[in-house]
Amino acid sequence: RLYRRAAEDGLGAAAFNLGHLYAFGRGVPHSDGEAMHWFERAAGLGELEAFVWLGLFRAQGRGGRPDREAARRLWEHAARRGCAKAANNLGVLHASGPMDGRDRAEAWAWFGRADALGAAGALARRARLDTEMTDAERSAAVIRLARLTAETEAISASRHADTQ
């Protein structure tokens, strides 16, 4: 009840927590639809973790058909704003799936960004992926990681300037 009141008053963390309760049926009936509603509300209020969960729901097809592209867009939005979990999920997304949909260089770069942001296990995932890559893929990956780092740091600096 208190989370709902706070979420309805515009507190993003409360909306996220309410979504999490519905996602797992803790204290409320399990409902993917309600979870999505509250995660979307939290995302609209700037809660980056909500983008992670919305991406998971989209990737897994909870509340609809699986949509890897929608998951990618959600995670990329959060990762570019400094969310380590979203960056790690992007690494997993680009490293998995059908062979023609895999991009090891992109996965390596996102795992590198996730590691820099503090995601547990990202460095190990990147090292494992490194053993499968060609020299050309590795070179492309290093360039992509440098680009991602510069872009995400620029977004972070802009967000910091906006709050000043």
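Among residues belonging to region 130-156 that are outside any helix (DSSP H, G or I) and of a type outside the set (D, E, K, R), point out the one that is most open to solvent (accessible area, probe 1.4 Å).
Kept after step one, since they are outside any helix (DSSP H, G or I), are these residues of region 130-156: 131-134.
Restricting the remaining residues to those that are of a type outside the set (D, E, K, R) gives 131, 133-134.
Values: THR131: 113, MET133: 16, THR134: 69 Å².
Among those that are outside any helix (DSSP H, G or I) and of a type outside the set (D, E, K, R), it is THR131.
Among the listed residues GLY82, GLY46, which satisfies the condition of being in a loop (DSSP other than H, G, I, E, B) and closer than 20 Å to ARG147 by Cβ? Don't jump to the end; show me each part of the working.
Numbers: GLY46 fails: closer than 20 Å to ARG147 by Cβ.
Result: GLY82 is the single residue among GLY82, GLY46 that is in a loop (DSSP other than H, G, I, E, B) and closer than 20 Å to ARG147 by Cβ.
Listed here are the residues, each with its yes/no results for (1) assigned to a helix (DSSP H, G or I); (2) crowded, with 20+ Cβ neighbours inside 10 Å.
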{"position": "LEU56", "(1), (2)": "yes, no"}
{"position": "ALA59", "(1), (2)": "yes, yes"}
{"position": "ARG62", "(1), (2)": "no, no"}
{"position": "ALA71", "(1), (2)": "yes, yes"}
{"position": "TRP75", "(1), (2)": "yes, yes"}
{"position": "ALA78", "(1), (2)": "yes, yes"}
{"position": "ASN88", "(1), (2)": "yes, yes"}
{"position": "ALA109", "(1), (2)": "yes, yes"}
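Being among the small types (Gly, Ala, Ser), more than 16 Å from GLY55 (Cβ to Cβ), modelled with pLDDT of 95 or more and open to solvent by 40 Å² or more (accessible area, probe 1.4 Å) is true for just one of ALA116, ALA124. Which residue is that?
The unique qualifying residue is ALA124.
What pairs come up if the first residue lies in region 1-23 and is open to solvent by 50 Å² or more (accessible area, probe 1.4 Å), the second is of a type in the set (Ser, Thr, Tyr) and part of a helix (DSSP H, G or I), and their beta carbons are under 8 Å apart, counting only those six or more places apart or on different chains?
ASN17/TYR3
Among the residues of region 90-107, write down those that are under 25 Å from ALA154 (Cβ atoms) and outside any helix (DSSP H, G or I).
Selection gives ASP103 alone.
The values are calculated or read from the model by the stated rules, or taken from the named source; none is laboratory data. Computed from a predicted model, the values in this text were never measured in an experiment. Please note: Cβ atoms are built from the backbone with ideal geometry, for glycine as well, and neighbour counts cover all protein chains shown. Surface areas here come from the heavy atoms of the whole protein model, side chains and all, with no ligands, DNA or RNA. Shrake-Rupley method; radii C 1.70, N 1.55, O 1.52, S 1.80 Å.
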